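Following: one structure in structure tokens, then a few remarks.
The values are calculated or read from the model by the stated rules, or taken from the named source; none is laboratory data. Note that this is a predicted model, so its numbers are computed, not measured. With ideal geometry, Cβ positions are generated from the backbone for all residues, glycine too; neighbour counts draw on all protein chains shown. Heads up: the accessible areas ignore ligands, DNA and RNA and are worked out on the full protein's heavy atoms, side chains in. Shrake-Rupley method; radii C 1.70, N 1.55, O 1.52, S 1.80 Å.
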Amino acid sequence: MGLRGMQPHTSYFICATPRSGSTLLSEALARTGLAGRPNEFFCHPRGYGASYEGWDISDYRTYIRRVIEATMTPNGVFGAKMMGGFVWDFVSRVRQIPEFAAQPGMPLKAMLDELFPNLHHIWVTRRNKVRQAVSWWMSTQTNQWTSVEVVRAEREPVYDFAAIDHNVQEIVMREAALQAYFDEIGVKPFVVVYEDYHDEPEETALAVLRYLDIPLPPTVQFAERRLRKQANELSEAWVQRYRDEKQQAWLRRIW
């Protein structure tokens, strides 16, 4: 039987902020062939992921169903990325689905459970927000978001204290948005910390599969890893420069 028209028996969102390692974890889970093909299907100002720009989203429930059908693995598992900058836009679109809008007192969790059966949440975070902010600023300038992309940068990236400082604050605010979302639906997510898994994402992917209670074969075979760490000497120099300038600015204020 094909997957069209079927509902998943297990759903999950990988909740994250930019440059937190969510793509590395998503790739590791996809490489198992057991956890759907998680991507940013609902993270876009117009409500859909970049890979589905040709789809009509005037009926958001139909769009969600089409995404599930297109990306769910044969074992009935669906996954998606939910970025902190778009989570409340996504919630607003869900609440506007006509049958939900007709029930103004309906809890958000009940809506999500109907759309995404057996929904779980994995929160990917990064301890070192400065390195995350530097990575975000560098990728913003180069448009190089993953190590497998072939991008010819128009110019070399330039250090900018204000831009990096803005990113640090933006990461904090977007994580706060995710926490508010978890509080709204009353869940405690499975927390994954980038610094603990970036060298061996396969082990973390297996831990996530166990958290999702997905039946596993005796040996899980991972497809070849494509993503590699992008940090380099330049990004590390920016991290140290930002820390020095931030500390100097603080000392000038208190003295």
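A few comments on the model shown:
- Trp137 exposes around 50 Å² of accessible area when a 1.4 Å probe is run over every protein chain in place.
- Its alpha carbons give the range 83-130 an Rg and a Dmax of 13.8, 44 Å.
- Sorted peptide list for 198-206, 239-247, criterion being average Cβ within 10 angstrom, highest first: 198-206, 239-247
- Model label points for Asn118 and Glu245, set 7 angstrom from Cα along the Cα-to-Cβ axis, are 5.0 nm apart.
- Cut-off 12 Å between beta-carbons: net charge of the residues surrounding Gln103, Lys and Arg +1, Asp and Glu -1: -1
- Net charge in the neighbourhood of Pro18 (other residues with Cβ under 12 Å of its Cβ; Lys, Arg +1, Asp, Glu -1) is +2.
- Partners for Lys246 among aspartates and glutamates (Cα-Cα distance below 15 Å; same-chain residues under 8 apart left out): Asp160, Asp165
- For chymotrypsin sites (Phe, Trp or Tyr not before Pro), no site in the range 157-196 is both called loop by DSSP and has at most 13 other Cβ atoms within 10 Å.
- Rg [Å, one decimal], Dmax [Å, integer] - the range 77-201, C-alpha atoms: 17.8, 53
- The range 184-249, Cα convex hull volume normalised per residue, Å³: 154 Å³
- The accessible surface of the range 94-217, taken with every protein chain in place and a 1.4 Å probe, is 52 percent carbon and sulfur.
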